[in-house]
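All remarks here apply to the structure that follows.
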Amino acid sequence: MSASVATAAPKRRKGGGANANTLPLVAPSVILLLAFSIIPLIATVYFSLLRYNLTNPAIHGFAGYKNYLYLFRDPALYSALYTSVQMVVEILILTIGSAAVLASLFEQRFPGRSIARVLMISPFFVMPTVSALIWKNLLMHPVNGLIAWITRSLGLGVIDFFADWPVTSVVLIASWQWMPFAFLILLTALQSLDEETREAADLDGAGPIAVFFNVELPHMSRAIAVVLMMETIFLLSIFAEIYVTTSGGPGDATTNLTFLIYKRALLSYNVGGASAAGVIAIILANILASFMVRIVGKRLDE
Amino acid sequence: MSLRTKSHPIAGTLAWLASLLMFFPIFWTVLASFKTELGAIATPPELIFRPTLENYTEILSRADYLSFAMNSIVVSFGSTILALVVAVPAAYAMAFYPTKRTRGTLLWMLSTKMLPSVGVLVPIYLFAITTNLLDTRTALVIMYMLMNLPIVIWMLYTFFKEMPKAIIEACLIDGASQWQTMTLVLLPLVLPGIASTALLNVILSWNEAFWSLNLTAHDAAPLTAFIASFSAPQGLFWAKLSAASTMAIAPILVFGWFSQRQLVRGLTFGAVK
């Protein structure tokens with residue numbers, strides 16, 4: 001498993017004359033990514049300054065900062081931002097919390113460990129539209145769903161998930177999908193914990209809970225930071241799960257920033273307004289991304 | 001690798017319980033796909049029933065099912081091949097001939113992956129309309145290729161980095177050209193790495209559901225969009241939803257089991273290995 005790479009070769013090679021013949025190899029990727037990231041970005045900023053609605057050609061012209069003004073006066077923006085943050089925070093706590101404990105359990109030896117691991121990570125490979133619909137119908141449906149049958153049988157009554165707990169329902173589905181991601185990364189990190197440290201803890205008479213908090217958790221801290229960043233970036237963009245279950249409702253209950261922009265852009269064809277909200281989404285993601293880039297950059301220098 | 005040989009019964013039991021719980025929704029869906037429509041919505045739930053293949057035959061006999069499946073295959077494999085063609089030379093160059101700018105380039109590529117899709121929804125959508133690319137496979141292939149390019153370059157870069165440099169130097173001293181060194185010597189060595197990169201890319205493209213829902217209607221709609229059409233509230237077709245879902249996730253589930261280890265490398269950009 002730990003195929004240690006013994007690269008004795010010198011770490012850094014002087015660039016020297018290599019520049020000239022490697023540029024054509026890197027250039028296509030750089031040009032494509034540059035075009036893909038810069039052009040739509042500029043276009044979004046440009047559209048956000050226009051009065052532009054696809055359904056009404058009479059509305060046109062330069063709007064300046066007006067789209068932003070309307071947006072910042074619109075309570076829907078703050079409600080969507082709040083929903084985004086609420087979803088991300090709840091999913092992060094659920095997934096990282098349980099993944100840390102489960103990674104620690106999977107570090108122990110037990111029969112069928114690799115099969116159990118395969119079962120554990122499977123939800124991550126289920127496409128989001130499938131996971132959302134099987135949870136919504138087969139499991140969470142208030143009349144015919146399995147959970148309703150279980151709670152009824154226990155005499156607890158029925159939970160109407162998507163009517164009464166819409167955000168929690170989306171959070172549960174997304175957590176089911178993303179916990180395996182956190183689990184897999186934390187498990188990988190834990191496997192690099194050296195045996196001596198564990199043995200020393202064992203000799204000192206530390207119980208499993210003490211080992212978890214004092215040895216394993218600190219060892220996973222960098223990996224936890226990475227999961228935190230990556231999940232946040234992906235989870236701010238939760239879309240399909242909302243699209244197929246609640247369509248942002250009831251009311252605006254499950255409309256996060258991503259879904260708000262989608263509604264403005266493709267349901268009301270408000271190009272200017274949607275673009276202004278898009279610019280805000282990009283700024284938010286960039287702040288988070290800068291942290292991630294810093295972590296990865298440190299790793300690159302090692 | 002753990003040296004401890006003693007099995008831990010409590011940890012094992014808890015871990016197995018958690019694994020079964022996590023897998024249960026998938027198991028339950030597969031089970032429902034073999035029930036009749038009435039059986040699938042029955043309460044108490046049917047546990048012992050006569051399995052039927054009716055749902056599968058009915059979905060497969062829908063003329064458009066195969067077109068959805070074909071779209072998924074073409075789009076995920078097409079974008080993967082394109083991404084590899086562009087990324088292999090770039091990763092090779094940056095891993096073996098780093099310059100002053102390599103570190104910055106790599107980190108910048110990573111940062112483009114962080115750009116939220118929804119932030120560029122409007123221009124991409126309008127661009128697709130004006131170029132008549134809306135609801136075409138081409139649009140999705142291009143989008144997925146660009147979306148996953150940073151991950152592909154990074155994964156390949158970390159694989160190339162692990163190759164001993166002495167091999168390249170030996171080849172060049174023996175008079176092989178850059179191109180020969182890359183294709184005849186290095187490529188076979190990093191083939192497992194390229195394969196797992198491709199696998200992860202196929203998985204991500206197969207399951208992508210933002211652009212597939214927003215840029216396709218019917219002609220180019222892949223399975224993610226087809227499954228989404230079951231959300232229309234026209235009655236409960238749970239058994240058929242389950243059969244369609246099972247078929248849509250089965251191949252990728254198997255791919256995923258094979259790519260577990262590389263997945264971490266790919267999705268953390270080498271920050272956790």
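The values are calculated or read from the model by the stated rules, or taken from the named source; none is laboratory data. The model shown is predicted, which means the values in this text are computed figures rather than measured ones. When we count neighbours, we look across all protein chains shown, and the Cβ atoms used for this are built from the backbone with ideal geometry, even at glycine. What goes into the accessible areas is simple: the full protein's heavy atoms, side chains included, and nothing from ligands, DNA or RNA. Shrake-Rupley method; radii C 1.70, N 1.55, O 1.52, S 1.80 Å.
Cross-link check: pairs B:LYS113/B:LYS240; B:LYS100/B:LYS165; A:LYS263/B:LYS240; A:LYS136/B:LYS113; B:LYS113/B:LYS161 evaluated at a Cα-Cα cut-off of 24 Å; pairs beyond the cut-off: B:LYS113/B:LYS240; A:LYS263/B:LYS240; A:LYS136/B:LYS113. Largest accessible area first, the residues B:LEU106, B:LEU115 order themselves as B:LEU115, B:LEU106 under a 1.4 Å probe with ligands, DNA and RNA left out. The mean sequence separation of alpha-carbon pairs under 8 Å and at least six residues apart, normalised by the residue count of the stretch B:24-119, gives a relative contact order of 15 percent. Placing a pseudo-label 7 Å from each Cα along the Cα-to-Cβ vector at B:LEU21 and A:LEU34 gives an inter-label distance of 5.2 nm.
Derived scalar couplings between HN and Hα for the stretch B:217-231 equal 10, 9, 4, 9, 5, x, 4, 4, 6, 4, 4, 4, 5, 6, 7 Hz in order, rounded to whole Hz, by the Karplus curve 6.51 cos²θ - 1.76 cosθ + 1.60 (θ = phi - 60°), x for Gly and Pro. Among the chymotrypsin sites (Phe, Trp or Tyr not before Pro) in the stretch A:18-107, those placed in a DSSP loop whose Cβ has at most 15 other Cβ atoms within 10 Å are A:TYR65. When only Cα pairs below 8 angstrom with a gap of at least 6 residues are kept, chain A shows a relative contact order of 28 percent. Between A:TYR269 and A:GLU199, full extension at 0.36 nm per residue minus the direct alpha carbon distance yields a gain of 18.9 nm.
Using a Gaussian network model of chain A in which every pair of alpha carbons under 10 angstrom is joined by a spring, one finds that among A:LEU154, A:LEU288, A:LEU133 the greatest mean-square fluctuation is at A:LEU154. The distance between label points at B:LEU189 and A:ARG222 comes to 2.5 nm (points 7 Å beyond Cα on the Cα→Cβ vector). Annotation: amide H of A:ARG109 within the under-5 Å range of B:HIS8, sequence separation 5 or more or interchain, hydrogens built in the peptide plane. Remark: spin-label model distance A:ALA163-B:SER67 equals 3.8 nm, labels positioned 7 Å along the Cα→Cβ axis. The slack in the chain from B:HIS8 to B:THR130, taken as 0.36 nm per residue of separation less the alpha-carbon distance, amounts to 37.7 nm. Size descriptors for the stretch A:180-302, from the alpha-carbon set: Rg then Dmax equal 20.8, 67 Å. Our helix-only sum for chain A, with -39,500 (n - 2.57) per DSSP H run of n ≥ 4 divided by its residues, gives a mean residue ellipticity at 222 nm of -21000 deg cm²/dmol. The relative contact order of chain B comes to 32 percent, based on Cα pairs under 8 Å that sit 6 or more residues apart. Can you tell me which of B:ASP64, B:ASP174, B:ASP219 moves the most in a GNM of chain B? Springs connect C-alpha atoms under 10 Å apart. Sorting by GNM fluctuation, first place goes to B:ASP174. GNM on chain B, alpha-carbon springs under 10 angstrom: the most fluctuating residue among B:THR102, B:THR246, B:THR43 is B:THR43. Between A:ILE287 and B:SER229, the C-beta separation translates, for a Förster distance of 30 Å, into a calculated FRET efficiency of about 0.25.
At 1.567 mPa s and 4 °C, plugging the Kirkwood radius over alpha-carbon pairs of the protein assembly as shown into Stokes-Einstein gives what diffusion coefficient in µm²/s?
Values: Rh = 25.4 Å.
Rounded, D is 51 µm²/s.
Subtracting the Cα-Cα distance of B:LEU38 and B:THR138 from 0.36 nm times their residue separation leaves 32.0 nm of extension gain.
Under a 1.4 Å probe, what is the accessible area of the protein assembly as shown per residue, stated in Å²?
Averaged over the residues of the protein assembly as shown, the accessible area is 44 Å².
The distance linking the stretch B:149-222 with the stretch A:75-134 is 28 Å (Cα centroid to Cα centroid, whole angstrom). Nonpolar atom fraction for the stretch B:114-273, defined as the carbon and sulfur part of the 1.4 Å probe accessible area, stands at 69 percent. Expressed in units of 2.2 N^0.38 Å, where N is the residue count, the Cα radius of gyration of the stretch B:1-78 is 1.72.
Take the alpha carbon gyration tensor of chain A, find the square roots of its eigenvalues, order them as a ≥ b ≥ c, and report rounded if a/c is under 1.5; if not, report prolate when a/b exceeds b/c, else oblate.
oblate
Estimated at the nearest 10 Å², the accessible area of B:GLU162 is 60 Å² with a 1.4 Å probe.
Please work out whether the stretch B:59-269 counts as rounded, prolate or oblate from its C-alpha gyration tensor, where a ≥ b ≥ c are the square roots of the eigenvalues and a/c under 1.5 means rounded, while otherwise a/b larger than b/c means prolate and anything else oblate? Prolate, since a/c reaches 1.5 and a/b exceeds b/c. Residue ranking by accessible heavy-atom surface, 1.4 Å probe, largest first, among B:GLU58, B:GLU37, B:GLU208 comes out as B:GLU58, B:GLU37, B:GLU208. So if R0 is 56 Å, what FRET efficiency would A:ARG299 and B:LEU53 give, r being the distance between their Cβ atoms, rounded to the nearest 0.05? Efficiency, rounded to the nearest 0.05: 0.65.
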